[in-house]
Amino acid sequence: MQITVNGKSVQTREGITVTELLVEQKVKTPEYVSVELNGEILDRETFPATVVPDGATVEFLYFMGGGAR
Amino acid sequence: MTLDNEQIERYSRQILLREVGGKGQEKLLASRVLLVGAGGLGSPAALYLAAAGVGTLGLIDGDRVDRTNLQRQIAHFTPDIGTPKVESAAAKLAALNPGVKIETYTEHATADNILEIAGRYDFVIDGTDNFSAKFLINDACYFAERPFSHAGILRFDGQLLTVLPGRTACYRCLFGGPPPAGAVPSCSQAGVLGSMAGVIGCLQATEALKCLLGAGELLTDRMLIFEALALRFREVKLRRNPRCPLCGENPTITTLVEADPVVCDLREARR
Ligand SMILES: [Zn+2]
């Protein structure tokens, strides 16, 4: 199935969970990434049980510091 | 306040804008913006705000200029190494526009000082580098009811979000709370292209000016993601999170407290 991850079209398998998608997309520190699925920020505890639906829009939002130092 | 001839000349190019005009310029001159952090993001933001004639700029930063800062913190010059950043930046702002009043706080933002300081300003710019400060600013602006601009930069990427506390999605709506120290890479570990600070800091200044002028649409309920390598701006739509620990339906954060000083900089964490 086709989904959109951070603005890019991605081919993945049917039934994949958010946790599995984080691994598949080689996200380095998945425990500190916020995930928005179809416009909704997910609770971290729900990642393993949440299945990504076909055609979903997924955003991985990363902590970004920077600035002063 | 009426503009004198010198002011009309200095600000003529923006007074020409329908969204600014003489009235808007007077509004800017009567406005107060606080910059938390006088570094990578704070430098360009402060310079453009001073140039635009924002009447009072507050600068809060406890650091001194270091040689490694000069690659991106453009308010500081080589002879400034060792000088407090707020003093170094204040001197440049005063030289650029003597008509702007600069208020300096040579200290880091903490739970003890930031609420009171932020309350004295109309808009706050988060130009800090560490996550405990970013959450502190988010929370302080919520309690002080001050609009603010969040931003972060790393490597070739940047992110930006404007928050109208209690009305639009806040930083905690997205991220909940800070990551543990060292868990997330920092600029000093992972690097950052200097011009990223310019791009994102200038966008923060733009949001501040728009907010003060009441012009256009603010970057609220959407996060701007800038990817310089692809030269791509993306927007992620957001909405307030009912489970947000600060602005959600059952908040667990009801007073301003600072998390353990979690810095995104391992060198700093070891200090
Ligand atoms: Zn919130």
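If you go through region B:126-135 one residue at a time, do you hit one that is at pLDDT 95 or above, within 16 Å of the ligand (Cβ to nearest atom) and among the aromatic types (Phe, Trp, Tyr)? Yes, region B:126-135 contains at least one residue that is at pLDDT 95 or above, within 16 Å of the ligand (Cβ to nearest atom) and among the aromatic types (Phe, Trp, Tyr). When the residues of region B:94-116 are filtered to those that are part of a loop (DSSP other than H, G, I, E, B) and free of Cβ contacts under 8 Å to residues at least 60 places away in the same chain, the one that is nearest to the chain's Cα centre (by Cα) is B:HIS108.
To keep it simple, each residue is scored yes or no on (1) closer than 29 Å to A:ASP43 by Cα; (2) more than 16 Å from the ligand (Cβ to nearest atom).
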residue: B:ARG172; (1), (2): yes, no
residue: B:VAL184; (1), (2): yes, yes
residue: B:GLY191; (1), (2): no, yes
residue: B:ALA197; (1), (2): no, yes
residue: B:LEU229; (1), (2): no, yes
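Within region B:209-219, not a single residue is buried (at least 21 other Cβ atoms within 10 Å of the Cβ) and facing chain A (nearest Cβ under 10 Å). Check region B:192-215 and report whether any residue there is at positive phi and in contact (Cβ under 8 Å) with a residue 24 or more places away in the chain. No, that holds for no residue.
With respect to being more than 13 Å from every other protein chain (Cβ to nearest Cβ) and among the aliphatic types (A, V, I, L, M), B:LEU238 falls outside the description.
Region B:7-93 holds helices (runs of 4 or more DSSP H) entirely within its bounds, and those carrying 3 or more residues that are among the hydrophobic types (A, V, I, L, M, F, W, C) map to B:42-51.
When A:ILE41 is tested against (1) under 9 Å from the mean Cα position of the chain (by Cα); (2) within 11 Å of chain B (Cβ to nearest Cβ), just one condition goes unmet, and that condition is (1). I'd like to check something: does region B:249-259 contain any residue that is under 19 Å from the mean Cα position of the chain (by Cα), more than 25 Å from A:TYR32 (Cβ to Cβ) and either surrounded by fewer than 21 Cβ atoms within 10 Å (Cβ to Cβ) or at pLDDT below 95 (or both)? Checked region B:249-259: no residue is under 19 Å from the mean Cα position of the chain (by Cα), more than 25 Å from A:TYR32 (Cβ to Cβ) and either surrounded by fewer than 21 Cβ atoms within 10 Å (Cβ to Cβ) or at pLDDT below 95 (or both).
The values are calculated or read from the model by the stated rules, or taken from the named source; none is laboratory data. Only a predicted model underlies this, so the values are computations on that prediction, with no experimental measurement involved. No Cβ is skipped: glycine too gets one built from the backbone with ideal geometry, and neighbour counts run over all protein chains shown.
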